[in-house]
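Participant: I'd like to ask you about the structure that follows.
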Protein chains: 4
Amino acid sequence: MIVVMKRGATPEQIEHMIQRVEALGLKAHPIQGTERTVIAAIGEKRDEHRTSLESGPGVDEVVPILAPYKVASREVKPEPTVIRAGSLAVGNSHVGMIAGPCSVESLEQTMATARAVKKAGATALRGGAFKPRTSPYSFQGLKEEGLKILAAAREETGLAVVTEVVAPSDVELVADYADVLQIGARNMQNYPLLEAVGEVDRAVLLKRGPSATIDELLLAAEYILNAGNPNVMLCERGIRTFEAHTRFTLPLATVPYLHERTHLPVLVDPSHGTGHTALVAPMAYAAIAAGADGLIVEVHPDPESAKSDGYQSLTFDQFAQMMAQCHRIAAAVGRKIAANEAADIQA
Amino acid sequence: MIVVMKRGATPEQIEHMIQRVEALGLKAHPIQGTERTVIAAIGEKRDEHRTSLESGPGVDEVVPILAPYKVASREVKPEPTVIRAGSLAVGNSHVGMIAGPCSVESLEQTMATARAVKKAGATALRGGAFKPRTSPYSFQGLKEEGLKILAAAREETGLAVVTEVVAPSDVELVADYADVLQIGARNMQNYPLLEAVGEVDRAVLLKRGPSATIDELLLAAEYILNAGNPNVMLCERGIRTFEAHTRFTLPLATVPYLHERTHLPVLVDPSHGTGHTALVAPMAYAAIAAGADGLIVEVHPDPESAKSDGYQSLTFDQFAQMMAQCHRIAAAVGRKIAANEAADIQA
Amino acid sequence: MIVVMKRGATPEQIEHMIQRVEALGLKAHPIQGTERTVIAAIGEKRDEHRTSLESGPGVDEVVPILAPYKVASREVKPEPTVIRAGSLAVGNSHVGMIAGPCSVESLEQTMATARAVKKAGATALRGGAFKPRTSPYSFQGLKEEGLKILAAAREETGLAVVTEVVAPSDVELVADYADVLQIGARNMQNYPLLEAVGEVDRAVLLKRGPSATIDELLLAAEYILNAGNPNVMLCERGIRTFEAHTRFTLPLATVPYLHERTHLPVLVDPSHGTGHTALVAPMAYAAIAAGADGLIVEVHPDPESAKSDGYQSLTFDQFAQMMAQCHRIAAAVGRKIAANEAADIQA
Amino acid sequence: MIVVMKRGATPEQIEHMIQRVEALGLKAHPIQGTERTVIAAIGEKRDEHRTSLESGPGVDEVVPILAPYKVASREVKPEPTVIRAGSLAVGNSHVGMIAGPCSVESLEQTMATARAVKKAGATALRGGAFKPRTSPYSFQGLKEEGLKILAAAREETGLAVVTEVVAPSDVELVADYADVLQIGARNMQNYPLLEAVGEVDRAVLLKRGPSATIDELLLAAEYILNAGNPNVMLCERGIRTFEAHTRFTLPLATVPYLHERTHLPVLVDPSHGTGHTALVAPMAYAAIAAGADGLIVEVHPDPESAKSDGYQSLTFDQFAQMMAQCHRIAAAVGRKIAANEAADIQA
């Protein structure tokens, strides 16, 4: 990293900081500019020491040079990671399509949706059994009953099950039923939860928090990777900005930027990312054109009666139309939306 | 609009507000809820009166119902507007491709770029002669000399010229040379400038300010439309958010959202919207997939030596590759990047 | 709430929505405006039904009228809540001052800090034993060992202990040692954790998440209140914006705005809210002037050697100077920074 | 500045960049780290060259070291600038209080307000004659007629006149009547306007744009300073963030941060910064506590009937109460709200 001294820093302060850098086991390389002195600190592993150096006397700022994440970095593993979980495959040439209701509400609703999205070409089923809701007075999910319904839907359709887990103590239970454990945006920095999903043998879909930087997202992934689970897929689902005409602002440049920095697959959630049914399909098309490795989309038999997120859910017909267009765009950019060939998927 | 009274509002305060609403020439329609009273104000043209009602006694907030813009609204003119300016056509089925250097630096640089982008399929030439620069110490453009160079490039290539104007007193001069007058993001709410371009017979490309809401963008367009110029194309070029890995955050949901609200064409600028060469093409693809009516892209013969914006400029080769992919995506979504057929474009 | 129909909504769509509203047990009150129809839905408890109505045919948007929180609302309990926890009192005329190190690093560091902040006038001690860190490679806290050190510091100084808890399974353990359980910004929407602290007999300091709206903060408080714990103090600690010269943007208007909406005490964290030692004291002064019920401030014997947050920690001298000024400002606005008189605090 | 090469940069790329740096007249100082090479570029004036270096082969990013502004910098002029304009004095120990209506609506309204704010202790009068309004259908100000009314109010009360100018062609006219020319937030980067006010002999109040960084604000000031006008006061008036309960988010840490970086006085506008009458006074107190050199506040005889900004205007009584409290807080932080003693102010 680079320690930038203030313009008026004294020789004593500069010498002090050189000694501080060397006391950290780094090599200090001072450079005297025309207006200021900077000290390059060489040999660092990562920027753990930045925080303490920044409060040194005469220091203006400390500029990190290395990315703070390691295992997630493309510098460490240049080739893209492909993740397979039942019928789902994402990464490299594989584009996954995860679709289903926001909440599992009943066996009928879930089975009907699973059949419809399977028929339209989805490669996995989403559905919430444990629902983190902003208000304590909202529907909180069917919990284990919901997991059983999802498993029944997989049984019939062959679709891999993607579902959220919200507490470390639930991880084992959810892993018993699900193919992919979803960490929601609100829990992106819930470290005990990240460590817990890092210890089970299930792929993880990690959603970006609405105010998380890319470094923070990759460090959250690093918690899971570091705990021993290499199968982490990242998901852009929109950030909080001043824009109020959409529920969140969906920044698709995240997709190619993450592809430069990490080998992990990058998915996009156009449902939460927009919050309006009419905007879901255009942003799904845009995400695939930008190179996304998969989508996760909310679909409901009757959005008007949904217990959550009805305003951003697609009907079966809308989803089928969207899929047709998605195939054309994927082909235009040289990719393919297809189920994991290795999986034993029933017709 | 709806006047929402506070929970503890007195009958006198409610009566006062009913009279205030009626004094504005509106019909007051009070509704007593279980916890609060709201007063619907009917007959309003637009929400000009919101501001004064909001300071009434016992008022909690005033909720607008109607959009504040009129002429730009799709409710007023349902069919999409097509704008033609020389070789450029945007809107409805027409997708325009405006490309060229950030700044006009020399005749050679501009001519070389114009030829290269024409050959690759661009339908108009961009280039800055009057440059609004954040620092007074940066290159400020060649001014009229730059306009002459752009006109020479049009002469040879047939490409329509799109260039920025930054002061009301320059509008006539720039209009003498340009086919399309660009209003930059910093000037989106420079009302004397909007009125000035509203009075000339040239199409206008209006860029969204980095913190402008959609309503503010459409009201800025309304200034131009209201001054008599119907040929306004809107351009999303990125907003200011907490994201620092890109220069701005490019929110492509703006494209379908604006298409719902306005009949005006919507373009996207993936160069300023990302600020990094490597991200320009993926976001160009995404923009077209999302339904953009055109793109405006920075291209330079040698980005490393550019006087401005080198870090986000494409080389000729990069632009040609991007165009090939753009054509495929446009076709996948049923659109076509093509020059205005009516224009007399030289080979 | 108000259901706003689109301009072109058909009589059938309007009739459909009236029936939908009434099926929810609400009274529908349609109002035909000059351009649109709106339907006021009367009798609702809160806006749980907003989501499903918004996907109705011909609906443009649904505007909530009532705040979504109940127990936290000033409408329900007009008088301000005073929370007392050992030496700490916050709310109404009581301004609390919580100070101490970011992390508990050792007995010596913590004892020295506790003595220094006590002497300077702090009314409680902060210190992290369980540290949620952005990187898995950073210092994660001394855990139970840290809690014991904090308890020892309370033993000697009489200062109430405020410390963070990050997992539901740790709540009982932390409650054994602490007077106030802190929920960090990253966990503001960690609902299992909110419910867990809602079930213990300890005051809770709930920090606003960096992208949380005021409604979301109050709904998070509502989870705790709803679980049976009435002693929740809110804490503004900065939001994520485009500003990069500070670690977060500290929006002090939150203080008077929350005082209008809720009876719960409102604290401010000027350390995380700025991220720079030099800015902590000015923002502490501003917070007290704006009416904050307390501050939480990072203090360290030697910020340069701190294991975390050194760049935003005050030295003992800086804290003592800040306190002197804080007393003057509190007096100027008619308030007083003082320990809980009921507490048995040793000299 | 520091050129950071990518991890895999080749020796040829590194050599190329060393030559590029030296071709710019800078001294290249390459440092080989354990993972990457960085090149320190020494001798630069400012970072004008950053843009072109960033597109060099193998370059990851270019990190600026020096601030981009010069004349505004505290490094160049360490002592704070005091600006005096008629009855107004701001900077160093002088705290100014500018108050008056958003718009000049009539002679009566303006005279009444001027008298009331003078009596309550204001040191200058604000009022808009040229109003930049978001909608072309809103009241646009009385223009020269408004300027005459302001001059008449100064004649009677002795209060300096602060009023906005929105077009370069109006600068001379406005300067004929006003003591301080205000550049509104929308025009912060309207460079022809900045240059025009830089050429007249009137102090300038420059408002921060709602998405402007501190560097951008100081570079805007630099345009004015560079054109020859040294009397620039900066004004924080709120930024655009995701917060919707206030009109803007008012980040008061701007005040001490600017004081570190620049010698120019820093004012705060709590009216636009909050957008709600009830929040104006608390944020005025906070601003003074944070060290602001002045405030600019909207006051109206009857906010409910104001032609603009009624919802954020204070009544005469509210302003008088606010002033009393402001005096106490200013005293608590060792400052004084007082008129320019040198000015000839009538009783």
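Participant: For the pair residue D:107 and residue B:341, what calculated FRET efficiency results from E = 1/(1 + (r/R0)^6), where r is the Cβ-Cβ distance and R0 = 56 Å, to the nearest 0.05? Spell out each step's value before the answer.
Facilitator: Details: r = 60 Å, r/R0 = 1.07.
That pair, residue B:341 with residue D:107, gives E of 0.40.
Participant: For residue D:305, project a label point 7 Å along Cα to C-beta. Then give me every residue of the range B:1-44 with its amide nitrogen under 14 Å of that point.
Facilitator: B:20, B:23-24, by backbone N distance to the label point.
Participant: With axes computed from alpha carbons, what is the tilt in degrees of helix D:107-120 against the longest principal axis of chain D, rounded to the nearest 10 within 0 to 90?
Facilitator: Compared with the principal axis, the helix lies near 80 degrees.
Participant: Given a Förster radius of 30 Å and the C-beta distance between residue C:10 and residue A:119 as r, what FRET efficiency does 1/(1 + (r/R0)^6) yield to the nearest 0.05?
Facilitator: Taking R0 as 30 Å, the efficiency between residue C:10 and residue A:119 is 0.45.
Participant: Can you list the distances in nanometres, one decimal and ascending, from the residue D:173 label point to the identical position in each other copy, with the point 7 Å along Cα to Cβ?
Facilitator: Distances to the matching label points in the other copies: 2.2, 7.3, 7.3 nm.
Participant: Other chains' Cβ within 10 Å of D:302-311 residues: what's the mean?
Facilitator: The per-residue average across the peptide is 5.
Participant: Distances from residue D:92 to the same residue in each other copy, label points 7 Å out along Cα→Cβ, in nm, shortest first?
Facilitator: 4.7, 6.8, 7.1
Participant: Just to confirm the number: angle between the C-alpha axis of helix A:11-23 and the first principal axis of chain A, 0 to 90 degrees, nearest 10?
Facilitator: Relative to chain A, helix A:11-23 is tipped by roughly 50 degrees.
Participant: Another one. Using a label position 7 Å from Cα in the Cα→Cβ direction, what is the ascending list of nm distances from residue D:57 to the same site in the other copies?
Facilitator: Counterpart label points of residue D:57 in the remaining copies fall at 4.8, 6.3, 7.8 nm.
Participant: For chain A, what is the number of Lys pairs with C-alpha distance below 13 angstrom, counting only pairs 8 or more positions apart or on separate chains?
Facilitator: Lysine pairs meeting the criterion: 4.
Participant: If we count every other residue with Cβ under 13 angstrom of residue D:78's Cβ, Lys/Arg +1 and Asp/Glu -1, where does the sum land?
Facilitator: Summing Lys/Arg as +1 and Asp/Glu as -1 gives +2.
Participant: Okay, next question. How crowded by other chains is C:209-216, given as the mean number of beta carbons from other chains within 10 Å of each beta carbon?
Facilitator: 6
Participant: Calculate the mean, over all residues of peptide C:232-244, of how many other protein chain Cβ atoms lie within 10 angstrom of the residue's Cβ.
Facilitator: 6
Participant: Moving to a separate point now. Within the accessible area of the protein assembly as shown, what % is carbon and sulfur when the probe is 1.4 Å and the other protein chains stay in place?
Facilitator: Roughly 48 percent, rounded to a whole number.
Participant: In a GNM of chain A with a 10 Å cut-off on Cα contacts, which of A:321, A:13, A:109 has the highest mean-square fluctuation?
Facilitator: Result for chain A, Cα springs under 10 Å: A:13 fluctuates most.
Participant: Per residue, how big is the convex hull around the C-alpha atoms of the range B:223-309? Give it to me in cubic angstrom, could you?
Facilitator: Dividing the Cα hull volume of the range B:223-309 by its residue count gives 130 Å³.
Participant: Once you place label points 7 Å from the Cα toward the Cβ at residue A:199 and residue D:169, how far apart are they in nm?
Facilitator: 7.4
Participant: I'd like the FRET efficiency for residue D:24 and residue B:278, computed as 1/(1 + (r/R0)^6) with the beta carbon distance as r and R0 of 22 Å, rounded to 0.05.
Facilitator: Efficiency computed from Cβ-Cβ geometry: 0.40.
Participant: Can you give me the long-range amide H partners of residue C:65? Hydrogens built in the peptide plane at 1.01 Å from N, cutoff under 5 Å, separation of 5 or more residues or another chain.
Facilitator: Distant-sequence amide H within range of residue C:65: C:2.
Participant: Under a point-charge model restricted to the Cβ atoms of Lys and Arg (+1) and Asp and Glu (-1), what is the dipole moment magnitude of the range C:83-332 relative to its Cα centre, in debye to the nearest 20? Walk me through the numbers before you get to the answer.
Facilitator: Details: 20 positive and 27 negative charges, 92 e Å.
Approximately 440 debye in magnitude.
Participant: Now for a different question. Can you tell me the 0 to 90 degree angle between the C-alpha axis of helix C:144-157 and the longest principal axis of chain C, rounded to 10?
Facilitator: That works out to roughly 70 degrees.
Participant: While we're looking at this one, here's another question. In debye, nearest 20: dipole of the protein assembly as shown around its Cα centre with unit charges on the Cβ of K, R (+) and D, E (-)?
Facilitator: Dipole about the Cα centre, nearest 20: 0 debye.
Participant: Also: Where is the GNM fluctuation largest for chain B (alpha-carbon springs, 10 angstrom cutoff): B:249, B:213, B:113?
Facilitator: B:213
Participant: Let me ask something else about it. Report the closest approach of any chain C C-beta to the axis of the C-to-A rotation: residue and distance, in whole angstrom.
Facilitator: Taking Cβ atoms only, the nearest residue and its distance are C:211, 2.
Participant: Where the only charges are on Cβ atoms (+1 Lys, Arg; -1 Asp, Glu), what is the dipole of the range D:2-63 about its Cα centre, to the nearest 20 debye?
Facilitator: 80
Participant: Let me ask another. Determine ³J(HN,Hα), in whole Hz, for all residues of the range D:296-301 in sequence, where each value follows from phi through the Karplus function 6.51 cos²θ - 1.76 cosθ + 1.60 and θ = phi - 60°; x replaces Gly and Pro.
Facilitator: For the range D:296-301, the Karplus curve yields 10, 10, 8, 10, 9, x Hz.
Participant: What whole-number distance in Å separates the alpha-carbon centres of the range D:80-129 and the range A:293-313?
Facilitator: Each part reduced to its Cα centre gives a spacing of 55 Å.
The values are calculated or read from the model by the stated rules, or taken from the named source; none is laboratory data. It should be emphasised that the depicted structure is a prediction, and the values quoted were computed from it without experimental measurement. Cβ: placed from backbone, ideal geometry, glycine included. Neighbour counts: every protein chain shown. For the accessible areas, the whole protein counts, side chains as well, though only heavy atoms, and no ligand, DNA or RNA atoms are used. Shrake-Rupley method; radii C 1.70, N 1.55, O 1.52, S 1.80 Å.
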